[in-house]
Amino acid sequence: MAGWQRYICCVILGLLLTLMTAGLALADGPSLHPTFPLLDADGGNVLETGNPISTMQTCGGCHDTAFIAEHSFHTDVGLSQMTEPGQVPGGRPWDTSPGYFGKWNPLTYRYLTTTADDRPDLTLPDWIRLFGARHVGGGPAETAPTGESLLDLPEDTAGYPSLNTILDPETGQTIPWDWSESGTVEMNCFLCHIPDPNNQARIETLAAGNFEWANTATLLG
């Protein structure tokens, strides 16, 4: 019995030493992730162009970012399930989706306005500025419920004015929103896949309406 116990102890000790050696080798060795350039929306190196980082282009060199963004509820948050107010199963009369894009938030007491309401509560740009802190980007931060890119919306979105307006905090009146100036928010891969993302800088950038710079701000620090 004593010999068998010594054998087991030796095996366990050998495994521990092997794991420790492998761990040290990985810690001292090169990163498993290759070096890659930070690209803008046109595929240019941002160090040369000075443009905001495009996570879809940057990470898309190795990963199918388009597929990931199109098949993730983290990005969609209810956009693909938008319906008329009151038709969401188990929802409230004013809910327009089962996700938090379109669903009334009882904590903030805000809801997304999807009709030509004389007194809108949250327009689409306002939703991004307020709820973008809890949204990874993509989905409704890039695409309108009508299916169009927010960058391609016509100036007159009759019947859906909340797509390209915001509420003036002083007057409560709607004023135009320029998507070509603010840009949109791509799916932010950095939030989960870098060691220490600067989420506070990202949130502040979203709240300021500088949407296309939000993912870049995640790397500050």
- prompt: Among all residue pairs at least 6 apart or on different chains, which show Cβ distances below 9 Å where the first residue, located in the range 19-44, is part of a loop (DSSP other than H, G, I, E, B) and the second is at pLDDT below 60?
  reply: Leu32/Leu26
- prompt: If we scan the range 58-75, do we find a residue that is in a loop (DSSP other than H, G, I, E, B), farther than 14 Å from Glu186 by Cβ and within 15 Å of the chain's Cα centre (by Cα)?
  reply: yes
query: Does Phe101 satisfy the condition of being under 18 Å from Asn210 (Cα atoms) and touching a residue at least 24 places away in the same chain (Cβ under 8 Å)?
result: no
- request: Kindly state which helices (runs of 4 or more DSSP H) lie completely within the range 153-221 and contain at least 3 residues that are more than 20 Å from the chain's Cα centre (by Cα) and closer than 20 Å to Phe101 by Cα.
  value: none
- line: Those residues of the range 203-214 that are in contact with a Phe, Trp or Tyr (Cβ under 9 Å, 6 or more places away or on another chain) and free of Cβ contacts under 8 Å to residues at least 60 places away in the same chain come to a total of 1
message: So Tyr111 passes all but one of these: (1) surrounded by fewer than 17 Cβ atoms within 10 Å (Cβ to Cβ); (2) at pLDDT below 90; (3) not acidic (Asp, Glu). Which condition number does it fail?
response: (1)
task: Output the residue which, of all residues in the range 90-145 that are assigned to a loop (DSSP other than H, G, I, E, B) and of a type in the set (S, T, N, Q), is nearest to Asp76 (Cα to Cα).
output: Ser97
field: Hits in the range 184-208 (condition: surrounded by fewer than 19 Cβ atoms within 10 Å (Cβ to Cβ) and not acidic (Asp, Glu))
entry: Leu191, Cys192, His193, Ile194, Pro195, Asn198, Asn199, Gln200, Ala201, Ile203, Ala207, Ala208
statement: Those residues of the range 119-168 which are surrounded by fewer than 21 Cβ atoms within 10 Å (Cβ to Cβ) and of a type in the set (Phe, Trp, Tyr) amount to Phe131, Tyr160
task: Any chance you could count how many residues in the range 172-188 are among the polar types (S, T, N, Q) and modelled with pLDDT under 95?
output: 2
field: Which listed residue, of Leu112, Leu167, Leu124, is of a type in the set (A, V, I, L, M, F, W, C), closer than 29 Å to Asp40 by Cα and in contact (Cβ under 8 Å) with a residue 24 or more places away in the chain
entry: Leu124
- request: May I ask you to list pairs of residues, at least six apart or on different chains, whose Cβ atoms are under 6 Å apart, with the first in the range 76-89 being touching a residue at least 12 places away in the same chain (Cβ under 8 Å) and the second being acidic (Asp, Glu)?
  value: Val88/Asp95
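The values are calculated or read from the model by the stated rules, or taken from the named source; none is laboratory data. These figures come from a predicted structure and were not determined experimentally. Ideal geometry is used to build each Cβ from the backbone, glycine not excepted, and the neighbour counts take in all protein chains shown.
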